[in-house]
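Each value in this text was obtained by applying a stated rule to the coordinates, not by laboratory testing. On a predicted model such as this, the values are computed, not experimentally measured, just so you know. Cβ coordinates were reconstructed from backbone atoms using ideal geometry, including for glycine residues, and neighbour counts include every protein chain displayed.
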């Protein structure tokens, strides 16, 4: 069975509710997965917006997720070290999750990407996206993604 990431917060390719954005409570959505490949030692997660005006904008960097984990609850704390793993810096310069907050106008796509890894990462809390990408290179057993859309209203 292939690695499969899902969310009860919004459907695949569906609209992300305002609750999970800067226009709402700005809490992370619940995510769950199944089908981790044999040999998985940990997971890592990236959430990003490839439609941002300045290029891909990172909303969440989470790593050192134990191999036994199959879900993230809604509202993961924005501390560097959490019960579900370590968090890195997003493009806002903060640790943890920062929800969609695009300029008003066209809808943006937000990709939640889960990586099953054959290693346990030893990155310090607060690592950057590029730190994580370097650390997982050559260690990805499988990956899955879940995409949602968000569009801010004109004010």
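As a test of the formula, what do you get for the chain when each DSSP H run with n ≥ 4 contributes -39,500 (n - 2.57) and the sum is divided by the residue count, at 222 nm and rounded to the nearest 500 deg cm²/dmol?
-1500 deg cm²/dmol
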- line: Unit-weight point scatterers at every alpha-carbon of the chain, Debye formula, q = 0.13 1/Å: log10 I(q)/I(0) is -0.54
- prompt: Rounded if a/c is under 1.5, else prolate if a/b beats b/c, else oblate: with a ≥ b ≥ c from the C-alpha gyration tensor eigenvalues square-rooted, which is segment 88-155?
  reply: oblate
- request: Could you grab the relative contact order for segment 14-155? Cα pairs under 8 Å, six or more apart, rounded to a whole percent.
  value: 30
- prompt: To the nearest Å, what is the center-to-center distance of segment 94-108 and segment 21-37, using C-alpha atoms only?
  reply: 14
statement: Exposure proxy check on 61, 84, 76: fewest-to-most Cβ neighbours within 10 Å is 84, 76, 61
